[in-house]
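Some notes on the structure that comes next.
The values are calculated or read from the model by the stated rules, or taken from the named source; none is laboratory data. Here the structure is a predicted model, which means the values were calculated and not measured. Glycine also receives a Cβ, built like all others from the backbone with ideal geometry; neighbour counts cover every protein chain displayed.
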């Protein structure tokens, strides 16, 4: 049985397994705040990361090392690649790539579920190990008007209606902030003119390019009418949620959603396109 929550087939209540979690994008600037003065830059494209290390050499001079082919090792959340040092003529003349580049060791990365990690590398026979975390210098809260909302899967439900399946509420959305307190409200037009609505309220924290919101929510989900079209069934869902991996750009924002309501577990995505 499919139920439209909006003009674009915005919901379905059918038995489906939980959607697979996306892979983490580690692209960011990383550092150890207890060991200032150096950093690690990561840029990920597909299954390859380009890593740059800006450090100081044994003589105190600024040193740039890079690993241009860092790949998963097969171990959980672990990556590895060869490490190189680059040197060349002054910036005012063309660079000659045939000289000044030398392999100096290996770079290894291991991340954990909290979003932090450990960097280990060798260069010129010396080994270095540093705990790392994303570097944040600016809070990026997605306040404004959007078109979007929630697309998710409910599973392990113990309610009488057995609402395991996709639950999408997509439509007009507003995001407002009072300091780092965020309120996200959206609705979708629909069954018998009655909209499904969701309201998420929580505290925002920044870690590098990613934001996280943790708080509580309430949704009123319209799941259909009786056989005679006389009564509309609205199911209230309320509980706690976490939106992580939130990335905000001038055109919108996206986040991964994990929630627990009175009957179900919910995993999915939340976000929106910025309205003019």
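Inside region 77-91, can you point out the residues that are modelled with pLDDT under 90 and assigned to a loop (DSSP other than H, G, I, E, B)?
87, 88, 89, 90, 91
Can you tell me which of (1) within 18 Å of the chain's Cα centre (by Cα); (2) over 30 Å from residue 137 (Cβ atoms) is the one residue 77 doesn't meet?
Looking at each condition in turn, residue 77 falls short on (2).
Can you tell me which residue in region 92-113 is modelled with the lowest pLDDT, limited to those that are in a loop (DSSP other than H, G, I, E, B) and under 18 Å from the mean Cα position of the chain (by Cα)?
From region 92-113, those in a loop (DSSP other than H, G, I, E, B) are 92-100, 112-113; that's our starting set.
With the extra rule that they be under 18 Å from the mean Cα position of the chain (by Cα), the set shrinks to 112-113.
Numbers: 112: 93, 113: 87.
For region 92-113, the residue satisfying everything is 113.
Taking region 199-225 only, how many residues are surrounded by 21 or more Cβ atoms within 10 Å (Cβ to Cβ) and closer than 17 Å to residue 30 by Cα?
2
Would you check which residues across region 59-74 are touching a residue at least 24 places away in the same chain (Cβ under 8 Å) and farther than 15 Å from residue 26 by Cβ and list them?
Correct list: 65 only.
Pull out all pairs, ordered by first then second residue, where Cβ-Cβ is under 9 Å, the residues are six or more apart or on different chains, the first lies in region 132-144 and is free of Cβ contacts under 8 Å to residues at least 60 places away in the same chain, and the second is in a loop (DSSP other than H, G, I, E, B) and buried (at least 16 other Cβ atoms within 10 Å of the Cβ).
So the pair list comes out empty.
For the structure I just gave you, tell me whether residue 161 is at pLDDT 95 or above, surrounded by fewer than 21 Cβ atoms within 10 Å (Cβ to Cβ) and more than 18 Å from residue 247 (Cα to Cα).
Values: at pLDDT 95 or above: no; surrounded by fewer than 21 Cβ atoms within 10 Å (Cβ to Cβ): yes; more than 18 Å from residue 247 (Cα to Cα): yes.
So residue 161 fails the test.
Which members of region 211-237 meet the condition of being at pLDDT below 95 and within 30 Å of residue 139 (Cβ to Cβ)?
As a first pass, look at region 211-237 and keep what is at pLDDT below 95: 219-237.
Answer for region 211-237, where residues must be at pLDDT below 95 and within 30 Å of residue 139 (Cβ to Cβ): 219, 237.
Here is a check on your reading of the model: is residue 243 buried (at least 16 other Cβ atoms within 10 Å of the Cβ), out of contact with any helix residue (DSSP H, G or I) (no Cβ under 9 Å at 6 or more places or on another chain) and within 19 Å of residue 175 (Cα to Cα)?
On the way: buried (at least 16 other Cβ atoms within 10 Å of the Cβ): yes; out of contact with any helix residue (DSSP H, G or I) (no Cβ under 9 Å at 6 or more places or on another chain): yes; within 19 Å of residue 175 (Cα to Cα): yes.
So residue 243 fits the description; yes.
So which strands (runs of 3 or more DSSP E) are wholly in region 114-184 and hold at least 2 residues that are over 26 Å from residue 260 (Cβ atoms)?
Details: elements: 117-123, 126-134, 144-155, 165-178.
In region 114-184, the matching strands (runs of 3 or more DSSP E) lie at 117-123, 126-134, 144-155.
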